[in-house]
Amino acid sequence: MPRIVVVSPPFHSHATPLSALAGALAARGAEVFFACAPAFEPLADRAGVRFVPLTVTRNANTGVAERTDQAAREAERLTEFLRATRRGPVETLLTQARHRRADMLADPEGVYEDLRAVDRRLRPDWYVVDQLAYAATLALHCLGVPYASYCPGHPGYVLSGPDAFFGLPHDWPEAVRPDPSRLTALSAAVRDNDRAFTELFAAFARDRVPPAPDPGRAFALTSAHAVVYAYPALPWLPERAEGPAHLFAGHMVGPDEPPAPDWTRRLKGLRERADRVVLVALGTFLSARDDVLRTVLSGLLDGTDDTAVVVAAGARADALADLAGSRAVVVPAVPQRQLLPHVDAMVHHGGGNSFTECLRAGVPALVLPMSSDQFAVARDAERAGVGVVRDPNALRPPDVPDALAAVLAGPVGRRARRMARDLRGYGPSWAAERLVAAMEAGPPRPC
C-alpha cells in the first residue's frame, strides 16, 4: 500500500474534511501523514494518522476566523472582505480577486523548500493536495512527484476548459444574479489574475527547476492522475477534462456521531417548546455578518411561534445574546454534522461543506450566498430543488418566515431526503478506495 502525505491549507473548513479523507486512506491500509499548520495536529490524532507540521499560506482560520491569530495584513484583508460582502456579490468577488496574490501565493519559495524537505525525509509514494493550496501544487509540480488533487468546494474550482476562470461563477442563483453589465469588471479582473498567476508559475518553475515542464495555466494546474471532489456528480456540472480519474465522493463526512449530552439536552428543550428546529450557520468567516444572523433569528422568532433556532454566531455571539431565550440558542460554534440529523432545516451561506452535509442528512436549506464558490453552490441547491436561495443583503425579518415555509414545503424536503438516499455509500471511504486504486494504477515515484 502507498505512503501518502495529505497536504491541507490552515483553514478549518478545508482541514477537517481532508483529515477525514486521510483517515479513510489509512483505514484502507495506506501509511498516511497529515501535513498542515501546527494548530491542526488534533485533526491528525482523531483521524489516526501521523502529523507533519507544514504551513502553505500565511492566512489561517482555526474555526472562527475573527478569533484566529493573524498577521496584521491578513486581518486587514479579512475586514476588507467582510465589508465587501455587504455591497454584493460582484464587489465581493472583485475584492477577493485583488487579495488573491497575497492569499494564495504569498511565499512560494518557502513552501517549495518546506515541501522538498518533507519529501526528502518521508519519500512518500503520493501526495494529496488541496486544489486551493496553489503554492503547494506548484511545489509538487516542480518536484516532479505524483500527486492527486482534492477539490474542497464547488467542482468549478477545477477549471473545466479555456473559457472557465477561477473567481467567475459559471452560473448564478436567481436571487443574486448580477446584471450582465456588472460582470464586465469582474471578468476582466479574473482574466488578469489568470494571466498574472500563469506568468508567476512559469517564472517560478523556470527559475527553481529549469527541467520541470511548464505549469501551464496556473489555476488549471491540477493532478493528471486523480481528482477527488467533496461534491455529488450533479448532471448539469460543466464537463470534466479528460485524463485524470474524477472521483465525486458526494461529501467528506466521517461516520455518524451522536450529539454530546449537553447538545442532546438543548435539543430536547427546544423540541418541548417548538414543533421544528432550524440550524443557522454561515461558516467560520461569514459568521461575522451578525446583521444577517440577526435578520434570520429575529425573523424566525417574531414571525413564527412554532420554530426554535440554534445559531452559530462565531465571535459575534455576545452581540446577538439579546435574542437568546427559550426558543433560541446562540453560541460561538456548533457541532454541525452531529446536529443536522436532528433539525428540520438549515440556513447556511452556500459553503461546500454545509451543502453536502445537508445533502447527506436529507435536510433542506435556505441558502444565503455571499462570496467565493457559494453562488455556484447555491445555484446547484436551487436546481436540485433541495434548497431555496435568497439575497442576504436584501433579506428582511418579515421575509424569513416565508422563505422558511418554502424550504419546508413538501417538494423541497422530499428531494432533500431522496438525495440523501442516493448518496448513501459515498463519502471518504468510497473516495479512499478509488483513490488508492488510481494510485496503484498510476506512475511509480521517480527514483
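Data overview
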read-out	value
Computed helical MRE - 222 nm, the chain, DSSP H runs ≥ 4 contributing -39500 (n - 2.57), nearest 500	-14000 deg cm²/dmol
Protection-proxy order for peptides 112-121, 385-394, each taking the mean of Cβ atoms within 10 Å per residue, highest first	385-394, 112-121
Amide H within-cut-off set for A148, under 5 Å, with H built and near neighbours excluded	Y127, V128, V129
The range 322-369: mean projected area of Cα convex hull, nm²	3.9 nm²
Coarse-grained scattering of the chain at q = 0.07, 0.14 Å⁻¹, given as base-10 log I(q)/I(0) from a Debye sum over alpha-carbon atoms	-0.33, -1.38
Residue among A437, A324, A202 with the largest mean-square fluctuation in a Gaussian network model of the chain, springs linking Cα atoms under 10 Å	A437
Convex hull of Cα atoms in the range 261-422, direction-averaged projection (nm²)	8.4 nm²
Residues with amide H under 5 Å from that of A245, placed H, sequence gap 5 or more	A226, V227
D_trans [Stokes-Einstein, Kirkwood Rh over alpha-carbon pairs] for the range 87-153, 37 °C, 0.692 mPa s, µm² s⁻¹	247 µm²/s
Paramagnetic reach from E31 (point 7 Å along Cα→Cβ, amide N under 13 Å) across the range 110-127	121-126
Angstrom value of the Kirkwood radius, inverse mean 1/r, which spans all Cα pairs in the range 122-191	14.5 Å
Isotropically averaged projected area of the range 126-278, using the convex hull of Cα atoms (one quarter of hull area), nm²	13.6 nm²
Simple Cβ-charge dipole of the range 261-422, Lys/Arg +1 and Asp/Glu -1, about Cα centre, in debye nearest 20	580 debye
Mean separation of Cα contacts under 8 Å (6+ apart) over length of the range 261-422, as relative contact order %	22 percent
Rounded Å value of the spacing that divides the Cα centres of the range 259-324 and the range 1-34	32 Å
Calculated FRET efficiency for the pair A203/R50, C-beta based, R₀ 35 Å, to 0.05	0.50
Highest-first arrangement of 282-288, 399-405, 241-247, where packing means the average Cβ count within 10 Å	282-288, 399-405, 241-247
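We did not get these values from a lab; they are worked out from the coordinates using the rules stated. These figures come from a predicted structure and were not determined experimentally. As a convention, Cβ positions derive from the backbone with ideal geometry for all residues, glycine included, and neighbour counts pool all protein chains shown.
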